[in-house]
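Peer 1: Okay, here's the structure, questions in a sec.
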């Protein structure tokens, strides 16, 4: 037996052929948190299904094309510091986000990323990629 919900108090004109989800509310009663949660889940599911249908994993989206900044400033690091202590590849990532200042020029830059390397495998030395935040007036 089919249940007809297109009567008082629901007045639901749902058509199964449209394949919509629904939450029914009874007039004169407060909306319950469960109903709102179900609505949110249904909407989230529908948006997710749409996104998975329209976009393929790894597809390029308009306005999000890849770009290569091959002019990014960098600093090459040798395997030992000024006191002849070894500079480990493991600690390079600890410097990401730090600000460095040129000892003579006073130029300041933020370290954006770090790549490992070794003096013996030049030109693949340890490398800090930078973004300048101030300059010195020469």
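Every read-out reported here was derived from the displayed coordinates using simple, explicitly stated rules and does not represent laboratory data. A quick note: this is a predicted structure, and the numbers were derived from the prediction, not measured. So basically every Cβ, Gly included, is an ideal-geometry build from the backbone, and we count neighbours across all protein chains shown.
Peer 1: Which three semi-axes in whole Å describe the equivalent ellipsoid of segment 39-103, each the square root of 5 times a Cα gyration tensor eigenvalue, listed largest first?
Peer 2: Square roots of five times the eigenvalues give 46, 17, 12 Å.
Peer 1: Along Cα→Cβ, 7 Å out, is where each label goes; now give me the distance between the ones at residue 50 and residue 96 in nm to one decimal.
Peer 2: A separation of 3.5 nm, rounded to one decimal place.
Peer 1: Counting other C-beta atoms within 10 Å, which of 71, 126 has the fewest, and how do the rest follow? Spell out each step's value before the answer.
Peer 2: Working: 71 5, 126 20.
The fewest-first ordering by Cβ neighbours comes to 71, 126.
Peer 1: Roughly what would the spin-label model give for residue 82 and residue 134, points 7 Å off Cα along C-beta, in nm?
Peer 2: Output for this residue pair reads 1.9 nm.
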